[in-house]
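Chemist: Take a look at the following structure, please.
Quick note: the coordinates plus some simple rules give every number you see, no bench work behind them. These numbers were taken from a predicted model, which means no experiment stands behind them. Neighbour counts run over all protein chains shown; Cβ positions are idealised from the backbone, glycine included.
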Protein chains: 2
Amino acid sequence: MDRLATAIEKMHSPCVVGLDPRPEVIPRQVLEDVSSAESLAEAYADFSRVIIDAVSDIVPAVKPQIAMYEALGPAGISAYCRTTRYAQERGLYVIGDIKRGDIGSTAQAYAAHLSGIPGISGQGADVWHEDAVTVNPYLGIDGIRPFIEAAERNDKDIFVLCRTSNPSSAQLQDLDIKDAKEAAGTADARIVQGPATVGMYVAGLIAQWGEEHCGASGYSRVGAVVGATHIQDAAGFRSRMPHTMFLVPGYGVQGGTAADAAALFNADGTGAVINSSRGIIAAWKKDPQYSPSLTRGQALDCAAASAHRAAAAMRADIIGSLKPGSMEAHTAVSHNHQKKGS
Amino acid sequence: MDRLATAIEKMHSPCVVGLDPRPEVIPRQVLEDVSSAESLAEAYADFSRVIIDAVSDIVPAVKPQIAMYEALGPAGISAYCRTTRYAQERGLYVIGDIKRGDIGSTAQAYAAHLSGIPGISGQGADVWHEDAVTVNPYLGIDGIRPFIEAAERNDKDIFVLCRTSNPSSAQLQDLDIKDAKEAAGTADARIVQGPATVGMYVAGLIAQWGEEHCGASGYSRVGAVVGATHIQDAAGFRSRMPHTMFLVPGYGVQGGTAADAAALFNADGTGAVINSSRGIIAAWKKDPQYSPSLTRGQALDCAAASAHRAAAAMRADIIGSLKPGSMEAHTAVSHNHQKKGS
C-alpha cells in the first residue's frame, strides 16, 4: 500500500475518482453515433480518458468500476483495459473495482488481475493494468489468499469488502455474532474486542490477514472497503484496523459527508482514501456552461472542466474536515515512523 | 427455474458439468502453439467446445467458470462468450459462474449478464448467452434485486451463494448469529427457525427473496449455491428452502460423495443440480488411452471420450444415491403438482 500512501501524501489528496461510465452520466453528444456494444464501449473509453485527464493533477488514484464496462461484453472489457492502462500512463494508481470472490484455482484465476496471464510471460502478460483490486470476503481466506500472494509478488494491493455503503448492507454485515471469541478460535483482541457484528468480525480478519504485509508507510497490502455512511461504527473499524488503508465509498451522492469520511482516518490524517464517482464524472449535469446544443468536443470539454472543479472541491472538503494540521504533520514524518517514535 | 427443472427431468440427469479451462487441465498438444492471451483463449474455446459436444447428451446444463477465461483479459472474455453461445446452441442450459455482487447502478450493470446491453436492442444485445448466473449476497438485497428483476424480465434465473464448498467458508458462513429473529425483524419461520449461522440466515433470505418468483415446477427463479461438503447441515438448508433449486459444488474432487449430494434433494428427487468440473473435463488424465504422443486431434478425441464416460458415471452415481424411484415418480408428476395434491 506504500505506493498509494506515498501518492496521497505527495498530492496532499486522500481522494479517488470513481470511473463508472453509463449512458446516463455521459453527455448525449458523445452517444450520438452509438448503435452497438462496440461503439458504446468506445464512448465509455473516450469519456473515461477525458475524466482521467481532467483529474490527474488533483487525485492520486482512480477507481474504474468494471461492472459498467462488463455490461457491454468483450468490447466493454477491452475499453476497461484501455482505460486502466491510460490511467497508469498518466501516473495514476488504479484501483480496479471488481469485487471478485471465489475459491481455490478459481480465485487464483481471478488473481491474474494482479499477477498477469497464467503461462504467458513478458509485457503482454499484464492486460488489466490495475494497482489494486477490490475483493469479497464471503468465502473466507480461501478466496483472499491468492490475491494477497499475487499482490505481494507484484507490489500491488487489495481492498476487502468490510462494511459497504448501501442501505441493505446491514442485512448481513450488521448481524450480531453470538460469540466472536469462540468463532474466531483465538483471543486475538482485534477480532474479539467488544460486541461484534459480521462487519466488525470481518474487520478483525482483514487486520489479521494483512499483518504480515505491512509496508514502510505503516499500511498493509490488505486494505478494507468501509462506507462513509456508518458514522457510528467508524471508531470501531478504525481501532480494529489501525494499519489498514480504507477505501471509502458513500461520500457525496450516497449521503456521506466530509465529516463522516474524516472519522475513518487515523489521528495523523492518513489511512483512508475517499471515493466519489457520480459527484465528479457527472458534475457537468449541474454546470450552467453545459447545453445540449454544444458539439461533441465542447460537451467533453465541459465535462472535463466540471470534473476538475468538482474534484478540487472534494479535495478541499475532505482536507478541511481532517484535524487541523494532520495532513501537514504527516507530510513531514510518515505514519510508521510516528508509530515507532511514540 | 422451470426451464432447468424441465431439462433435468427430461434428461433424467440432475447434473451439470463445470467448464473451468486452465493450462493444467488441457492436453499439452492443444497448448503447443500458445504464445499469447489470444492463442490461449482460442485453446480454451476449442477445449470447451469439445467438452460441450461430449456431454450434451448426458447433462442438461453446463457451468462455465468466467474466472478462468477472465484471467486472459478481453480475449478470454470473448472466448467465454463464444463458449456460452455454443452451449446454448447445443441446447444446454448455461449457468454463468460469475459470483458478482455489488449495489445500485453497479449491480444493474452486472445484471446485463441476464438482460443484455443497456441501450442496445435486438439480437446484438445479448452478448453473454447465459440462462442463469451465480451472485454473492454479502451486500444484501441491494446487490440481488437487479438480478432478480432482470431474471424475471428475461425468463432467466440466479443462484445466490449460501454455503460454499471450501474449507474456509466456515469463517463467515458458520458464524452463530446472536438473535436471528431480532436481526431479521420478522417472525418469518424460514429465517428464524432453530439456531442460526450466517449461512442458515442467508438461506432464509434466499427463500424470502424468491417466494414471489416461483414457477410451475415449484421452484423459484432465486436458487442457492449449497456445497456438498456440509452434510450435517443438509436437512437444515433443505427445510429452510423447500422451493429453492440448489446448485451443488463440491462433488468429486472436492470430497463430496453422491450420498452427501443426495441429502440436498427434496424427497421427490428434485430440487438440486450437482456440479462436477475437474472430474469431467480432466478425466483424460486418468485415461489409459491418453498418451503425450497423440496428435492434437487424437488428444481432444480422448478428452471427449473420457469426459463422456465420466459424466455418464457421475449421472449414474447421483441417480443411484437418490431414494429408489424418486426420479421416476417425478417424471410422471411435477414437484408443484405433488405439493398441491398432498
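Chemist: Which three semi-axes in whole Å describe the equivalent ellipsoid of region B:113-163, each the square root of 5 times a Cα gyration tensor eigenvalue, listed largest first?
Modeler: 22, 11, 9
Chemist: Quick check: Cα centre of region B:138-159 to Cα centre of region A:102-131, how many Å?
Modeler: 29
Chemist: Can you give the net charge of the other residues whose Cβ lies under 12 Å from the Cβ of A:A75, counting K and R as +1 and D and E as -1?
Modeler: That sum, taken over residues with Cβ under 12 Å, equals -2.
Chemist: For each pair in A:K323/B:K178; A:K10/A:K63; A:K10/A:K156, compute the distance between the two Cα atoms and list the pairs where it is over 26 Å.
Modeler: Cα-Cα > 26 Å for A:K323/B:K178; rest within.
Chemist: On to the next question. Considering only the other residues whose Cβ falls under 14 Å of the Cβ of B:Y290, what net charge follows from Lys and Arg at +1 and Asp and Glu at -1?
Modeler: Charge balance near B:Y290 sits at +3.
Chemist: Turning to a different aspect of this structure: How high is the relative contact order of region B:1-338, in percent, with contacts defined as C-alpha pairs under 8 Å that are six or more residues apart?
Modeler: Working: 657 pairs, mean separation 66.7, N = 338.
With pairs under 8 Å counted, the relative contact order is 20 percent.
Chemist: Search the structure for amide H atoms under 5 Å from the amide H of B:A272, placed 1.01 Å from N in the peptide plane, and list their residues when 5 or more places away or on another chain.
Modeler: For B:A272, the qualifying residues are B:F246, B:N266.
Chemist: Same structure, new question: How much net charge surrounds A:G143 when only the other residues with a Cβ under 12 Å from the Cβ of A:G143 are counted, with Lys and Arg +1 and Asp and Glu -1? If you can, show how the numbers build up before the last one.
Modeler: Details: positive: A:K99, A:R100, A:R145, B:K99; negative: A:D102, A:D142.
Overall, the nearby charge balance is +2.
Chemist: Can you give me the angle between helix A:2-11 and the longest principal axis of chain A, using Cα atoms only, in degrees from 0 to 90, rounded to the nearest 10?
Modeler: With rounding to tens, the tilt is 60 degrees.
Chemist: Using only the C-alpha atoms of region B:1-137, find the volume of their convex hull and express it per residue in Å³. Write down the numbers at each step before the final one.
Modeler: Details: hull volume 16.8 nm³, N = 137.
Given the Cα convex hull of region B:1-137, per-residue volume reads 122 Å³.
Chemist: Here's something else I'd like to know. Distance from the Cα centre of region A:20-44 to that of region B:240-297, in angstrom?
Modeler: If we compute the Cα centre of each part, the gap is 42 Å.
Chemist: A further question on this structure: Under the Kirkwood approximation for Rh and a Cα-based Rg, what ratio Rg/Rh is obtained for the protein assembly as shown?
Modeler: Ratio of gyration radius to Kirkwood radius for the protein assembly as shown: 0.97.
Chemist: Short version: ³J(HN,Hα) in whole Hz for each residue of region A:46-62, in order, from phi by Karplus 6.51 cos²θ - 1.76 cosθ + 1.60 (θ = phi - 60°), x for Gly and Pro, what are they?
Modeler: 4, 4, 4, 4, 5, 5, 4, 4, 6, 10, 5, 9, 10, 10, x, 8, 10
Chemist: Compute the FRET efficiency between A:S321 and A:E32 as 1/(1 + (r/R0)^6), taking r as their Cβ-Cβ distance and R0 = 45 Å, and round to the nearest 0.05.
Modeler: 0.65
Chemist: Can you pull the Kirkwood radius for region B:75-125, inverse mean 1/r over Cα pairs, to one decimal in Å?
Modeler: The answer is 12.4 Å.
Chemist: Sticking with this structure for a sec: What's the magnitude of the charge dipole for region A:1-338 around its Cα centre, counting Lys and Arg as +1 and Asp and Glu as -1 at the beta-carbon? Answer in Debye, nearest 20.
Modeler: That gives region A:1-338 a dipole magnitude of about 400 debye.
Chemist: If you don't mind, another one. Select from A:V30, A:C15, A:A43 the residue farthest towards the positive end of the dipole of region A:1-63; place +1 on Cβ of Lys and Arg, -1 on Cβ of Asp and Glu, and compute about the Cα centre.
Modeler: Value: A:C15.
Chemist: Restricting the count to DSSP beta bridges whose residues both fall in the protein assembly as shown, what percent are antiparallel, rounded to a multiple of 5?
Modeler: 10
Chemist: Additional query: I need the phi-derived Karplus couplings for region A:245-258: 6.51 cos²θ - 1.76 cosθ + 1.60, θ = phi - 60°, integer Hz, Gly and Pro marked x.
Modeler: Per residue, the Karplus-derived 3J(HN,Hα) values read 6, 9, 9, 10, x, x, 6, x, 3, 7, x, x, 9, 4 Hz.
Chemist: Write down the Å³ per residue value for the convex hull defined by the alpha carbon atoms of chain B. It would help to have the intermediate numbers written out before the result.
Modeler: Numbers: hull volume 46.3 nm³, N = 342.
Convex hull volume per residue, Cα atoms: 135 Å³.
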